[in-house]
1. Which of the residues that make up the stretch 41-66 are assigned to a strand (DSSP E or B) and either at pLDDT below 80 or in contact with a helix residue (DSSP H, G or I) (Cβ under 9 Å, 6 or more places away or on another chain) (or both)?
2. Quickly run through the stretch 117-132 and pick out the residues that are polar (S, T, N, Q), farther than 14 Å from A162 by Cβ, out of contact with any Leu (no Cβ under 9 Å at 6 or more places or on another chain) and modelled with pLDDT of 60 or more.
3. When the stretch 134-160 is examined, which residues are found to be at pLDDT 75 or above and surrounded by fewer than 17 Cβ atoms within 10 Å (Cβ to Cβ)?
4. Identify, please: which residue in the stretch 67-88 is at pLDDT 90 or above and not in a strand (DSSP E or B) and is, among those, nearest to the chain's Cα centre (by Cα)?
5. Just one of (1) modelled with pLDDT under 75; (2) in contact with a Ser or Thr (Cβ under 8 Å, 6 or more places away or on another chain); (3) more than 14 Å from V165 (Cα to Cα) trips up S113, so point out which.
6. What tally of residues in the stretch 27-40 results from selecting those that are crowded, with 16+ Cβ neighbours inside 10 Å and either modelled with pLDDT under 95 or part of a strand (DSSP E or B) (or both)?
Amino acid sequence: MTITSRADDAFFGEQVTIGVTGYLVNGASQTGTTLIIDGGTGSIHKGQTFSVAGVSGTYTVLSVTNPASTDATFGTHVTTVKLTEALASSPADDAALTFDTTHVLPPHLVTKSVTLVNSSDTDIKIGNSGMASVNHGFKLVAGAGITIDVSDTGTIFVSSSADKVLSIIGS
């Protein structure tokens with residue numbers, strides 16, 4: 001996730017890449033609830049689900065570690081992903097990670113409003129329930145934006161095709 005600006009703790013601006021791509025396992029024979037990875041584009045954050053090539057099951061991100069932080073909620077330059085459950089088997093070196101294209105936005109305490117801008121060339125669905133589908137929400141058409149008065153973005157879900165970008169600005 002790219003933090004584009006931060007005036008104080010009550011203001012944030014960032015871009016979320018939906019369905020992050022290109023992340024690979026960094027080193028064979030990994031086991032347990034920690035996975036070292038490399039490569040990739042887009043943010044990985046707590047609550048995202050993904051699969052690992054050659055390993056059965058779907059895994060949920062508990063936290064990420066990157067060069068600037070440890071056990072973060074989200075990160076762009078992720079080196080380690082902590083999982084909520086152990087890997088079913090050891091992945092091969094350079095096994096691909098495939099992230100779900102529906103996930104909750106990274107949590108932020110918003111004191112006034114949040115503006116969502118669809119920076120992609122296709123529509124994005126935004127809603128407040130249902131990981132697999134957006135049940136109570138709206139569609140943000142390509143290039144459009146909307147400002148919403150909210151108290152916490154941790155309950156907003158986004159669904160779109162992989163590698164689409166949503167810009168978020170809040171205060």
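1. From the stretch 41-66, those assigned to a strand (DSSP E or B) are 41, 44-45, 49-52, 55-66; that's our starting set.
The answer is T41, H45, N66.
2. The first filter runs over the stretch 117-132 and keeps only residues polar (S, T, N, Q), leaving 118-120, 122, 128-129.
Narrowing the set further to residues that are farther than 14 Å from A162 by Cβ leaves 118-119, 128-129.
The next check asks that each one be out of contact with any Leu (no Cβ under 9 Å at 6 or more places or on another chain); those that pass are 128-129.
Of everything in the stretch 117-132, just one residue is polar (S, T, N, Q), farther than 14 Å from A162 by Cβ, out of contact with any Leu (no Cβ under 9 Å at 6 or more places or on another chain) and modelled with pLDDT of 60 or more, namely N128.
3. F138, K139, V141, A142, G143, A144, G145, I146, T147, I148, D149
4. Among residues in the stretch 67-88 that are at pLDDT 90 or above and not in a strand (DSSP E or B), the one nearest to the chain's Cα centre (by Cα) is T84.
5. (1)
6. Start the filter on the stretch 27-40 by keeping residues that are crowded, with 16+ Cβ neighbours inside 10 Å, which leaves 30, 35, 37, 40.
Still in the list and also either modelled with pLDDT under 95 or part of a strand (DSSP E or B) (or both): 35, 37, 40.
Of the residues in that region, 3 qualify.
The values are calculated or read from the model by the stated rules, or taken from the named source; none is laboratory data. Since we're looking at a predicted model, the values are computed, not measured. When we count neighbours, we look across all protein chains shown, and the Cβ atoms used for this are built from the backbone with ideal geometry, even at glycine.
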